[in-house]
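The next block holds one structure in the form of structure tokens; read it before the comments.
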Amino acid sequence: MNRFLAAGLAAFGSLLPVAAQAAPRDPGGVWLTEDGRARIRIEKCPGRADRVCGYVVWLKTPNDDKGQPRVDFRNTDPKKRTRPSLGHQLIMGLRPNAEDRHEGQIYNSEDGKNYDVSIWIEEPNALNVRGCLLGFLCGSQTWTRVTDVLPGQLTGPTNGPGGPSADPEWAPKTAPAAPAKPPAAARDAPRP
């Protein structure tokens, strides 16, 4: 083999790992949280294919002590305090970063606070989640990919029937509806 060709192939081969790391692995799918209390569906954000969002699609305990569906009563936004815990958005438009991870904000309904978060995949069925408050109070979890569907799990499309709901700031913007045209008979009727 020509030594220039061999050197070229070696150089090309050394670039492959760098190219493979150019974009983080897609975290899309349904993940069981480390404590087993929730399943989170991660997918491209509605109308924002460059970011990923996540939604609570199953809760181990979906109802409170009174038998009513749990609500997000600790949210700092009073408008969101009555929204159901099942189906709400908790991962807010994470962007890919230079470290082959996705980063942004995650919402914790247990304390009503947003945390800086970084998520990444090193193994196909494990999602690493690292959240920080104030940049230095950090904690990590490993979520497990699940493919089965449990009773009570939301399986519909985001913002659709039987699916979770994007927060208003992440919901796709829709164009205003055009005014309805009158029926042809009304348009063509003689005018007085």
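Here are some notes:
- Basic side chains Lys and Arg get +1 at the Cβ, acidic Asp and Glu get -1 at the Cβ, and with that the dipole of the stretch 29-160 about its Cα centre reaches some 540 debye.
- Per-residue packing, averaged as other Cβ atoms within 10 Å, sorts the ranges 43-54, 64-75 into the order 43-54, 64-75, beginning with the highest.
- Largest to smallest principal axis extent of the C-alpha atoms in the stretch 29-160, angstrom: 46, 34, 31
- Between N97 and R37, the contour length at 0.36 nm per residue exceeds the alpha carbon distance by 18.7 nm.
- Between Q105 and V149, the contour length at 0.36 nm per residue exceeds the Cα-Cα span by 13.2 nm.
- R81-K113 pseudo-label distance in nm [points 7 Å out on the Cα-to-Cβ vector]: 1.9 nm
- Sites K44 and E122, calculated FRET efficiency, Cβ-Cβ separation with R0 30 Å, nearest 0.05: 0.90
Taken together, the values in this text are just the output of simple stated rules run on the coordinates, not laboratory data. All values reported here derive from a predicted model rather than from experimental measurement. In this analysis, Cβ positions are derived from the backbone assuming ideal geometry, glycine residues included, and neighbour counts consider all displayed protein chains.
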